[in-house]
Amino acid sequence: MPWCGNSNCQPLKKLKRISLQAYHYMFPPAQHDTPQARVSSCTFPVKASLTVEAAFTVPIFFIMVIILVSLIDLVRVYSQVTVSLNQSAKELGMYAYAGETVPSSSPVGLVGTGVCIGYAQSQIPHEERVIVSCIGSSYKNDRVDLKARVTYRFPVSFAGIKQAVFTVRAVVHAWTGYQGKEAEGVPGISEEMVYVTERQTVYHTHSDCTHMNVTVYCVTEKEARKKRNEYGRKYTACSHCKGEGGSDTVYITPRGDTYHVSSECSGLKRTVRLVKKSEVVSLQECSRCKERG
């Protein structure tokens, strides 16, 4: 076919038509007869159904978020009140001991039930939607018992639930020298404490008693046998460390009546413990402490 440069040439138009038909035969257009997949959960083809779904689901989503945030805030308030109540109980226990000796030395005065209620209430942080009542706190038998009734109002009512109520409690014993089960039923006046050594032959009422605070001298065994203590008594060999030493050196104390061949002898060392007087009723009072009154 000869080339024709005219656009109205019939052979050229026929060639274009044949080429277009061949293209449509090889690449047919997409068919839209089958239904397309829907993003919406609705099974019926309603116009603007996605808008209706959003109108229902978005408010529910925000309500769930508010519930979650409210529960987290409730836990925060519970922790805050618990920490405050425990701290107040510890401080009141310390102030109670100070108030028994010198009431003016306590910043709250003489601790009582009214003081416990007022002090605990004043230490709890105030919030708009939280109501705390410490009515029910008390001070009995040297025990500080703090109770807080907390009412937490939710920002939004959920199924008719507008608020949550819970109770927090903290109990401590005043600083009177007792701990644990020993604190049960103890009167306001604490029991007398005394000192005992490892041997526990007598008890001491003075911490600086010379029976517990000894002065040790180093001498020869021959000198020790000739010496006399402050009471005029002779020194004899210690039955605990006799035969342990390998030298002629021995150890004596000014008021003791034995000499020791070992500086590590328990007769020279004093391990002192502070105990209640009722625990050593079988022991007698040290004669030196008794003389001092």
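The values are calculated or read from the model by the stated rules, or taken from the named source; none is laboratory data. Everything numeric here is computed off the predicted structure, so don't read it as measured data. Here the Cβ is made from the backbone with ideal geometry for all residues, glycine too, and neighbour counts use every protein chain on show.
Residue 111 fulfils the conditions (1) in contact (Cβ under 8 Å) with a residue 60 or more places away in the chain; (2) assigned to a strand (DSSP E or B); (3) farther than 26 Å from residue 68 by Cα except for a single criterion, (2).
Residues in the stretch 242-259 that are at pLDDT 75 or above and in contact with an Asp or Glu (Cβ under 8 Å, 6 or more places away or on another chain): 248, 249, 250, 254, 259. Of all residues in the stretch 141-168, those satisfying the criterion of being among the β-branched types (Val, Ile, Thr) and loosely packed, with under 15 Cβ neighbours inside 10 Å are 151, 156, 161, 165, 167. Of everything in the stretch 247-293 that is closer than 28 Å to residue 192 by Cα, in contact with a Ser or Thr (Cβ under 8 Å, 6 or more places away or on another chain) and among the β-branched types (Val, Ile, Thr), the residue that is surrounded by the most Cβ atoms within 10 Å (Cβ to Cβ) is 272. Checking each residue in the stretch 121-138 for being of a type in the set (Val, Ile, Thr), part of a loop (DSSP other than H, G, I, E, B) and either touching a His at 6+ places or on another chain (Cβ under 6 Å) or within 25 Å of residue 71 (Cβ to Cβ) (or both) picks out only 124. Screening the stretch 76-92 for residues that are in contact (Cβ under 8 Å) with a residue 60 or more places away in the chain and out of contact with any helix residue (DSSP H, G or I) (no Cβ under 8 Å at 6 or more places or on another chain) and picking the one that is surrounded by the most Cβ atoms within 10 Å (Cβ to Cβ) gives 81.
Within the stretch 45-77, if we keep just the residues that are of a type in the set (Gly, Ala, Ser) and over 30 Å from residue 166 (Cβ atoms), the residue that is modelled with the lowest pLDDT turns out to be 48. Scanning the stretch 260-293 for residues being at pLDDT 80 or above, in a loop (DSSP other than H, G, I, E, B) and within 30 Å of residue 224 (Cα to Cα) gives a total of 2.
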